[in-house]
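The values are calculated or read from the model by the stated rules, or taken from the named source; none is laboratory data. From a predicted model like this one, the values you see are computed outputs, not experimental measurements. Here Cβ is always computed from backbone atoms with ideal geometry, including for glycine, and neighbour counts include all displayed protein chains.
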Amino acid sequence: MNTDDKKRLLREMLFARRFEERCYEAYMERKIGGFLHLYPGQEACALGVMEAARPGHDYVITGYRDHIHAIKCGADPKAVMAELFAKESGCSKGRGGSMHIFDTAHRFMGGYALVGGPFPLAAGMAKAIQLKGGDEIAICFLGDAANNQGSYHESLNMAALWKLPVLYITENNLYGIGTRIDRSTAVKDQYKRACSYGIPAEQADGQDIEAVYHAAKVAVDHVRSGKGPYLLELLTYRYRGHSMSDANAYRCKDEEKEWGKRDPLIILRDQLIAAGAIGEDDYHAIDKAVIDEIEQEIIPFSENAPEPDVAELERYVLAENDPWVRPAAGGQQ
Amino acid sequence: MAEMMYWEAVRRAHDEEMARDPLVICMGEDVGVVGGTYKATSGLYDKYGPERVIDTPIAEGGYTGLGIGASFLGVRPIIELMSVNFAWLAMDQIFNSAAKVRYMSGGQLEAPVVIRSPGGCAHQLGAQHSARMEKVFMGIAGLRVVTPSNPRQAYGMLKSAVRCNDPVFINEHELMYNMKGEVPDEEYFHPLEGSEVTRQGKDITLFGYNISVHWCLEAADELAKEGIEAEVIDLYSLSPLDRAGIAASVSKTHRAIIVEEAEAPVGVGAEVMAIINEACFFELDAAPVRVSARNVPIPFNRTLEKAALPNPAEVVAAARRMLGR
């Protein structure tokens, strides 16, 4: 990872931070409804892993904290924000919402809202890759708490058994909704759990994007080379509550302060400043450019985008005019 | 047209579709080396290999989810759940992933997966191996539910379901795999929507699906001896139900009995009665009736088990009552 890469990533990370903060404001203004799970604090995880992978080529799936994963895969941030605004121009046409961002053109295969649901789906995508013989890999991002679901164990078992090209990322932010990991999970180090299935695993600092990148590079190379699955645990922290409806009263201020010192944005910024690659002014200029893009392009686009047509309420339930629903007996289709 | 057993028909559909398209795979517990508990995949492991005929761990939620994930990328998995009772463990993936992904992605993604499973009561399998779950599946938008009552349908519906772009649940029956019936020699595709008039009649309509079609036919034979001409409708598609077909028959006979192997509450019968009320209430000469299982967990004792389930004699008795005989 060279200095230019890091400068680009600083912009991406600033964009991710400001995008999510703007979501928070829009939610408070009631422009965004429903559940909203924000990513500040964890940005280096999605950005660092996908920097080591091939966005738009590899298949990515995740949970409900999904905006930044989608954008890093190549989703248009305008379409993501418009989805949060529940508009027809949203990437899921206003039918999905914050928890169900999809952009299959960029192989972002969706955000799913049942904790642990994507584990087997990712293994299945890997099975499909294996059958088709491609060089893609499937990458599944989920939180530490998802690892307590049965789907985690069932999926890791099958992934290892069949040497599936799937990379499981555990973004360990220490909390499953409002319950701290030591109150919910017998083994706190999540990477250790993968050894039950003979899956190689590593733990890395999820706040330093360079550390994430290097750990992810090893993981991605392993999976892409056909050696089977890999699990990478990233130690991270979310600054906000689990969702917007979470008052975040269960964490002590000292802990938040400590993790605040390990802000991935500040770490990357300080690395670049220490290397003489940017100055404070440059940082503020990038920040301003990012905010301008959000305020001048993304928000107006989302606000002005059309609402879905109620006449299309029942579209997308089933395939349209599928010939095999009422086939001719001999099936000439 | 040759006769074959139900399991052979299912097997033939697998074989033809797998031979045609290398992305058609089948998976489930014991489907490979063993050839399937009901032989529905026998011989396929040797022919297509372990990559495409996959013996899965006993982890229904996991392998069903895996099949659904594979279908996102264009693979066409036929997943066998060894018993429909085990489907409860896979419900999250069937309902939350397969049935909803097209909608919540705004039409970008689809899950063209087939899940087939024997439901129904066999003999003394006890409460946890005797579930009739069609009522559960048919309540979910985004999922097609069909239930073949004979080998021809079993063959033709699986063929259509593999090619259909929607997730399709095929509800089979533990007691029907050895049933014989005619299946076309040439390739045959059965519709996934609609219903079939299995027997024409003018006095009363008996609605059945899967095994209860046979109970209806038996009852119709019995009623014929008394001069009652019962029409038998095979509701092979449970979701969507054939509103037009239901209304057409009731408009002709003006009387309806729905025969279901499952318990009455929130079931196929309840739904068909609602459709009759909505679509052809004023055609009725009598209030529709359900002949259903008793609302109990299925007991182990054979006498109790038989008492818990409907049978053709109950259908005959219900028809006589309705006709004032």
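Side notes on the structure shown:
- Scanning region A:51-71 turns up no residue that is out of contact with any strand residue (DSSP E or B) (no Cβ under 9 Å at 6 or more places or on another chain) and at the interface with chain B (Cβ under 10 Å from one of its Cβ atoms).
- Unique residue being within 25 Å of B:HIS129 (Cβ to Cβ) and modelled with pLDDT of 95 or more when the list is B:LEU175, B:LEU206, B:LEU223, B:LEU217: B:LEU175
- Among the residues of region B:64-83, just one is at the interface with another protein chain (Cβ under 8 Å from one of its Cβ atoms) and either of a type in the set (Asp, Glu) or under 21 Å from B:ALA131 (Cα atoms) (or both), namely B:THR64.
- Region B:171-197, subset without any contact (Cβ under 8 Å) to a residue 40 or more places away in the chain and not charged (D, E, K, R), residue farthest from the other protein chains (Cβ to nearest Cβ): B:TYR188
- In the set A:HIS37, A:HIS57, only one residue is surrounded by fewer than 18 Cβ atoms within 10 Å (Cβ to Cβ) and under 16 Å from the mean Cα position of the chain (by Cα); that residue is A:HIS57.
Quick grid of which residues meet (1) touching a residue at least 60 places away in the same chain (Cβ under 8 Å); (2) surrounded by fewer than 24 Cβ atoms within 10 Å (Cβ to Cβ); (3) hydrophobic (A, V, I, L, M, F, W, C):
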site: A:GLY124; (1), (2), (3): no, no, no
site: A:LYS132; (1), (2), (3): no, yes, no
site: A:ASP135; (1), (2), (3): yes, yes, no
site: A:LEU142; (1), (2), (3): yes, no, yes
site: A:GLY150; (1), (2), (3): no, yes, no
site: A:GLU154; (1), (2), (3): no, no, no
site: A:PRO165; (1), (2), (3): yes, no, no
site: A:GLY178; (1), (2), (3): yes, yes, no
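- Among residues of region B:247-271, those that are within 16 Å of B:SER212 (Cα to Cα) and either free of Cβ contacts under 8 Å to residues at least 40 places away in the same chain or surrounded by 22 or more Cβ atoms within 10 Å (Cβ to Cβ) (or both), counted: 12
- Whichever residue in region B:21-76 is of a type in the set (Lys, Arg) and farther than 20 Å from B:PRO151 by Cβ and, among such residues, is farthest from the chain's Cα centre (by Cα): B:LYS47
- Which listed residue is surrounded by fewer than 12 Cβ atoms within 10 Å (Cβ to Cβ) and either at pLDDT 95 or above or in the same structural domain as B:ILE204 (by TED's automatic domain parsing) (or both), from B:ALA279, B:ALA318, B:ALA287: B:ALA287
- Among the residues listed as A:SER92, A:SER155, the single one being under 16 Å from A:PRO229 (Cβ atoms) and of a type in the set (S, T, N, Q): A:SER155
- Some residue of region A:91-101 being under 14 Å from the mean Cα position of the chain (by Cα), crowded, with 24+ Cβ neighbours inside 10 Å, of a type in the set (A, V, I, L, M, F, W, C) and in a loop (DSSP other than H, G, I, E, B): yes
- Residue in region A:305-312 that is among the β-branched types (Val, Ile, Thr) and closer than 30 Å to B:LEU241 by Cα present: yes
- Within region A:65-90, restricting attention to residues that are assigned to a loop (DSSP other than H, G, I, E, B) and free of Cβ contacts under 8 Å to residues at least 60 places away in the same chain, the residue that is farthest from A:ASP144 (Cα to Cα) is A:ASP76.
- Set A:VAL218, A:VAL212: member being surrounded by fewer than 17 Cβ atoms within 10 Å (Cβ to Cβ) and assigned to a helix (DSSP H, G or I): A:VAL218
- Pick from region B:119-170, criterion part of a loop (DSSP other than H, G, I, E, B), among the hydroxyl-bearing types (Ser, Thr, Tyr) and in contact with a strand residue (DSSP E or B) (Cβ under 7 Å, 6 or more places away or on another chain), ranking: surrounded by the fewest Cβ atoms within 10 Å (Cβ to Cβ): B:SER149
- Within region B:87-98, none of the residues are touching a residue at least 60 places away in the same chain (Cβ under 8 Å), surrounded by fewer than 23 Cβ atoms within 10 Å (Cβ to Cβ) and either assigned to a helix (DSSP H, G or I) or in the same structural domain as B:LEU175 (by TED's automatic domain parsing) (or both).
- Options A:PRO120, A:PRO165; residue that is at pLDDT 95 or above and facing chain B (nearest Cβ under 8 Å): A:PRO120
- A:ASN172 meets all of the listed conditions (1) surrounded by fewer than 24 Cβ atoms within 10 Å (Cβ to Cβ); (2) more than 9 Å from every other protein chain (Cβ to nearest Cβ); (3) in contact with an Asp or Glu (Cβ under 8 Å, 6 or more places away or on another chain) but one, namely (1).
- Those residues of region B:83-117 which are more than 22 Å from the chain's Cα centre (by Cα) and of a type outside the set (A, V, I, L, M, F, W, C), in sequence order: B:ARG102, B:TYR103, B:SER105, B:GLY106, B:GLY107, B:GLN108, B:GLU110
- Selection within region B:272-307 - in contact (Cβ under 8 Å) with a residue 60 or more places away in the chain and in a helix (DSSP H, G or I): B:VAL272, B:ARG302, B:GLU305
- For region B:3-19, the criterion of being part of a loop (DSSP other than H, G, I, E, B) and of a type in the set (A, V, I, L, M) is met by none of the residues.
- On inspection, A:PRO229 does not qualify as buried (at least 16 other Cβ atoms within 10 Å of the Cβ), over 22 Å from the mean Cα position of the chain (by Cα) and under 29 Å from B:LYS100 (Cα atoms).
- Filter pass, A:ILE298 being more than 14 Å from chain B (Cβ to nearest Cβ), under 27 Å from A:TYR27 (Cα atoms) and of a type outside the set (D, E, K, R): yes
- In the condition set (1) more than 30 Å from B:MET157 (Cα to Cα); (2) surrounded by 12 or more Cβ atoms within 10 Å (Cβ to Cβ); (3) touching a Lys or Arg at 6+ places or on another chain (Cβ under 8 Å), A:TRP324 is compliant with all but (1).
- Some residue of region A:182-192 being crowded, with 19+ Cβ neighbours inside 10 Å and of a type in the set (A, V, I, L, M, F, W, C): no
- You will find that of B:VAL31, B:VAL113, the residue that is within 11 Å of chain A (Cβ to nearest Cβ) and in contact with a strand residue (DSSP E or B) (Cβ under 6 Å, 6 or more places away or on another chain) is B:VAL113 and no other.
- One residue stands out in region A:102-117 among those that are among the hydrophobic types (A, V, I, L, M, F, W, C) and in a strand (DSSP E or B): the one that is nearest to the other protein chains (Cβ to nearest Cβ), namely A:MET109.
- Selection within region A:159-169 - part of a helix (DSSP H, G or I) and under 25 Å from A:ALA46 (Cβ atoms): A:ALA159, A:ALA160
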